[in-house]
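Structure record follows, encoded as C-alpha cells.
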Amino acid sequence: MTQSTGEFALIDNYFKDLTGQSGVVVGIGDDAAVIAADALSQMAVATDTLVESVHFPQWAEAKQIATRALCVNLSDMAAMGAEPKWFTLALTLPVETASDAWLRGFSAGLAQIAAQHNIALIGGDTTAGPLTISITLLGELPKGRGLYRNGAKSGDMIYVSGTLGDGAAALEGLVTNPQGVLGQNKRLLEHFYCPVPQLELGLGLCDFASACIDISDGLVADLGHLCEASQVSAQIYSQQLPIHPELKQLSKQQYLQWALSGGDDYQLCFTLPEAQQRAFEGWAASNKIPVTAIGKMVPLDHNQNYIRVDNQSVSVITGGYNHFGQ
Ligand code: ADP
Ligand code: MG
C-alpha cells in the first residue's frame, strides 16, 4: 500500500509505468532521474516548474523569479549528490510581460546563479501564455556515487542542514503582510528568492549518507517520501529541530508547525549509520556546513506510519504541500 495522494497518486497512476529500462539507473520517484551515460559516468536529470501566484507572488521582480527558479532546481541536484553542469529553460510568459526591462532582469538573475555554480544554459523553449518557468538541470554523477531516497535503514541517524521553517515564514511574510516583521525581514526574503542549494553538502554526503532528499514540501512530507522509499519509519524530536532565533521570537506552535510542515526550505534531510556520525560531523564542521541530528530511523510499524514526532504519529499526507491534495 502506498500513502501517495494528490499529485503523487497522479504521477503513480499515469506516468510511473512509462519508465523503460534502457540505461535508466533511477527513474521516476527520486529527486532526479539517473541515467548511465557510459561505462564510467552517469547523469542526474531533474525538472522543476514555477507558476506565477503558486510559487512566487504576482509582484515578484523578474530577477527574483529567475534566481528562485534556478536555485530550487539546483536543490534537487544537491539531493542526489550530483554536480550540476547544464540546464534548459522553458519560458512561458504573457506578451505584456515581455518587456526589455523584464527580460533583462530575468536574464541577470539566471546569469548570477549560473555563474555561482558554473552551469550553462544549453537550450529551451519560449512561448506566450501565463507566466511559467520550467527548468531542467543535468548534472554529473560518477558511477557508484549518488544519494537516493531508498537506502535508509532502521537505526540510522536522521539529519537536516541549515534551519527549518524559514521558507514558510518567508511566504507568510510575503503574502499576508509584506509590511510586517516577516515581510520586511531581509534574510527571509533572500532565502525565498535565492534559497542556497546545498551542493557542497550533497557531494560530501556521498561518502557518508544512506539516503537523502531535499525539503521542498516540508520536513514531514519529504522525510515521509524517504521513509516510504526505504520502508522504515522516522522518529524525530521537535526539541532538536534547528530553528533560526528570529523564528523563535514567534509562538512555539507557529514555528514548530512551519519547521515540520512548511515548504520551501530547500535544506537536505538525510540519514547515515551511527558508525559514520563522528566522521561525518567532523567533515561538516571542517567545511563549516551546519547540520543537526533530529532523530533516528526505526522499523516500519504495522500501520505504515512513517513519521513520529515526539512519539506521536503524524500524517505525511496532511503534513506537507501537495498540489492536487485535499
Ligand atoms: P521534487 O519535489 O524533488 O521536485 P516531485 O515531488 O515534484 O519531486 O516529483 C516526484 C517524482 O515524480 C520525481 O521523481 C519526478 O521526476 C516525478 N514526476 C513528477 N511529475 C512527473 C510527470 N508529469 N511525469 C513523470 N514523472 C514525474
Ligand atoms: Mg526534491
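Some points to look at:
- Verdict on Ile122 being β-branched (Val, Ile, Thr), at pLDDT 95 or above and either surrounded by fewer than 13 Cβ atoms within 10 Å (Cβ to Cβ) or closer than 23 Å to Ile28 by Cα (or both): yes
- Subset of segment 19-33 (residues that are of a type outside the set (D, E, K, R), within 7 Å of ligand 1 (Cβ to nearest atom) and not in a loop (DSSP other than H, G, I, E, B)): Ile28, Ala33
- Test set (1) surrounded by fewer than 19 Cβ atoms within 10 Å (Cβ to Cβ); (2) assigned to a helix (DSSP H, G or I) - Asn305 fails condition number: (2)
- The residues in segment 201-214 that are near ligand 1 (Cβ under 9 Å from one of its atoms) and among the aliphatic types (A, V, I, L, M) can be counted, and the count is 1.
- Of the listed requirements (1) at pLDDT below 95; (2) within 16 Å of ligand 2 (Cβ to nearest atom), Pro84 misses just one: (1).
- Odd one out for Ala90, checked against (1) among the aliphatic types (A, V, I, L, M); (2) more than 23 Å from the chain's Cα centre (by Cα); (3) assigned to a strand (DSSP E or B): (2)
- Number of residues in segment 44-63 that are in a strand (DSSP E or B) and within 14 Å of ligand 1 (Cβ to nearest atom): the value is 8.
- Here segment 167-200 is the region considered, the condition is being within 22 Å of Leu141 (Cβ to Cβ) and away from ligand 1 (no atom under 16 Å from the Cβ), and the residue that is surrounded by the fewest Cβ atoms within 10 Å (Cβ to Cβ) is Glu200.
Residue-wise test of (1) surrounded by 14 or more Cβ atoms within 10 Å (Cβ to Cβ); (2) outside the structural domain of Tyr266 (by TED's automatic domain parsing); (3) in contact (Cβ under 8 Å) with a residue 24 or more places away in the chain; (4) among the hydroxyl-bearing types (Ser, Thr, Tyr).
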residue	(1), (2), (3), (4)
Val24	no, yes, no, no
Asp30	yes, yes, yes, no
Asp48	yes, yes, yes, no
Gln58	no, yes, no, no
Ser75	yes, yes, yes, yes
Ala78	yes, yes, yes, no
Leu89	yes, yes, yes, no
Glu96	no, yes, no, no
Trp102	yes, yes, yes, no
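- Residue within segment 166-188 that is outside any helix (DSSP H, G or I), within 20 Å of the chain's Cα centre (by Cα) and touching a residue at least 12 places away in the same chain (Cβ under 8 Å) present: no
- Selection count where residues are touching a strand residue (DSSP E or B) at 6+ places or on another chain (Cβ under 7 Å), under 12 Å from Asp264 (Cα atoms) and not β-branched (Val, Ile, Thr), scope segment 180-216: 1
- If you go through segment 64-88 and pick out every residue that is away from ligand 1 (no atom under 12 Å from the Cβ), aliphatic (A, V, I, L, M) and under 13 Å from Glu140 (Cα atoms), you end up with 1.
- Scoring Ala284 on the criteria (1) more than 22 Å from Asp76 (Cβ to Cβ); (2) modelled with pLDDT of 95 or more; (3) small (Gly, Ala, Ser) leaves a single failure, condition (1).
The values are calculated or read from the model by the stated rules, or taken from the named source; none is laboratory data. Since the structure is predicted, the reported quantities are computational estimates derived from the model, not experimental observations. In this analysis, Cβ positions are derived from the backbone assuming ideal geometry, glycine residues included, and neighbour counts consider all displayed protein chains.
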